[in-house]
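Nothing in this text is a laboratory measurement; each read-out follows from the coordinates by a stated rule. Remember, predicted model here, so these are calculated numbers, not experimental data. Every residue, glycine as well, gets a Cβ built from its backbone with ideal geometry; the counts of neighbours run over all protein chains shown.
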Amino acid sequence: MTERSSKWLKDDLDRRIVRELQRNARESTTNIAARLNVARSTVHERIMRMEKDGVIAGYSVVLSKNPSEESIQVLVLMEVKQQETRKILRRLGQYAEIRLCLSINGEFDLFLSIEAPRIEDLDVVVDEIAEIPGVMRTKTFVVFGRRFDRGYNETAQRIAAQFMDVNTQYDG
């Protein structure tokens, strides 16, 4: 089986480096190199190239969810005037409650995932979104529960577990 070349990730080593950074973006190049059994300079050069080429767009903080702080989630479908899409996206980007915004095909144009501590907070956000110039209509769904989530929360839990392991090593 031959591996296809990608302009994005040049080879398997790039993919393995990215996987390590996705697990923990703060990991040192020395530790990544040791795990991948390559020279530290190779890892450093690969990361620098991927940053320069835009493959790695940046590094971010992944917030874990405090189990005692429940939140309500709604999914919103939006139909928008196409010529207003950029302005609408800029406005949507100002709402911290909007966790995800996807461009979709079909009857609606945008799909939003919105979270807030109370349903009343979500009601305000959804009402404001519906009033943005260029928004033709919205359809909102309240999420009753998550059956599984392979998103950032899983990553946050893995990082937290690693952090706890490191701390217990120093405590003991």
Handout entry: Amide H contacts under 5 Å for Ile56, placed H, 5+ residues apart
Key = Glu51
Problem - Alpha carbon centroid spacing (whole Å) that separates the range 10-42 from the range 120-146 - result: 41 Å
Fill in the blank from the handout: To the nearest 0.05, the calculated FRET efficiency linking Glu45 and Leu100 through their beta-carbon distance, R0 being 35 Å, is 0.55
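Using the Kirkwood formula over every pair of different C-alpha atoms, what hydrodynamic radius in Å results for the range 72-142?
On the way: mean 1/r = 0.0836 Å⁻¹.
Result for the range 72-142 stands at 12.0 Å.
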Handout entry: Relative contact order for the range 17-63, counting Cα pairs under 8 Å that sit 6 or more residues apart, in percent
Key = 27 percent
